[in-house]
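Everything below concerns the one structure shown next.
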Amino acid sequence: MSSVRKPPSLTIFFTGLPGAGKSTIANILKARLEEAGHRNIALLDGDVIRKTLSKGLGFSRKDRMENIRRAGNAALEITKTGGVCICAMIAPYREAREQVRQLILKEGGFVEVFIDTPLAECERRDPKGLFAKAHAGALKQMTGIDDPYEPPETPEVHIQTLLMAPDESAEKILAYLFKHGNLFNPA
């Protein structure tokens, strides 16, 4: 009798400053997982979460904590179904990320991925013009400027974007997932 492997049940939680490259790398990772034959994969992007699931929330610490909690609950539901949830958001507070970790671990795996990009590089990239607005005084509570970002102390995967391209970053995450048994080769 052959054994059938249970599908992965996992949340891959990306965190990093605005403009760090979270969404770019998360989209590449999702595509690579699909190419490898994994089918039940969802991507929760922080910008989309803000416009839908967390619409109406502001940027106070309380509202940011609620935003992360809501994203964590959505990731939990995907994880419960045996899916892989890639969650890419700033998630600036360690406390909130740890709460999500503990929630997810009740149902499946959790891998924190720190997209580590220096603030100066994020400001240089500034894809949405947010840093420019913050420096001009037109935007308050900007993560990294007048609101803190608490980097992970022990992420499972640490990506330094100045040292590797987005494709290489996705490959590093995949290598971790396969090495540690979070995913298997479905072929």
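The table that follows gives values for the structure above.
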item	result
Of all residues making up the stretch 40-56, the number that are without any contact (Cβ under 8 Å) to a residue 12 or more places away in the chain and not aliphatic (A, V, I, L, M)	4
Filtered residues of the stretch 60-69 (kept if surrounded by fewer than 16 Cβ atoms within 10 Å (Cβ to Cβ) and not polar (S, T, N, Q))	Arg61, Lys62, Asp63, Glu66, Arg69
Test: residue in the stretch 116-137 that is of a type in the set (Lys, Arg), under 20 Å from Leu177 (Cβ atoms) and either outside any strand (DSSP E or B) or in contact with a Pro (Cβ under 7 Å, 6 or more places away or on another chain) (or both)	no
Residue, nearest to Phe14 (Cα to Cα), within the stretch 79-102, restricted to residues that are at pLDDT 95 or above and of a type in the set (A, V, I, L, M)	Ala88
The stretch 118-144 residues that are touching a residue at least 60 places away in the same chain (Cβ under 8 Å), paired with ones that are buried (at least 16 other Cβ atoms within 10 Å of the Cβ) and aliphatic (A, V, I, L, M) (beta carbon under 6 Å, 6 or more apart)	Cys122/Leu17; Cys122/Ala20; Met142/Ala134; Thr143/Ile90; Gly144/Leu17; Gly144/Leu119
Leading residue by the ranking (surrounded by the fewest Cβ atoms within 10 Å (Cβ to Cβ)) among those in the stretch 110-138 that are among the aromatic types (Phe, Trp, Tyr) and closer than 26 Å to Ala74 by Cα	Phe114
Of all residues in the stretch 95-109 being within 21 Å of Leu53 (Cα to Cα) and touching a residue at least 24 places away in the same chain (Cβ under 8 Å), the one that is surrounded by the most Cβ atoms within 10 Å (Cβ to Cβ)	Ile104
Residues of the stretch 152-165 that turn out to be part of a loop (DSSP other than H, G, I, E, B) and either modelled with pLDDT under 95 or surrounded by fewer than 14 Cβ atoms within 10 Å (Cβ to Cβ) (or both), as a count	5
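The values are calculated or read from the model by the stated rules, or taken from the named source; none is laboratory data. Note that the structure is predicted; figures quoted are calculated from it, not measured. Using ideal geometry, Cβ is built from the backbone for each residue, glycine included, and neighbour counts are taken over all protein chains shown.
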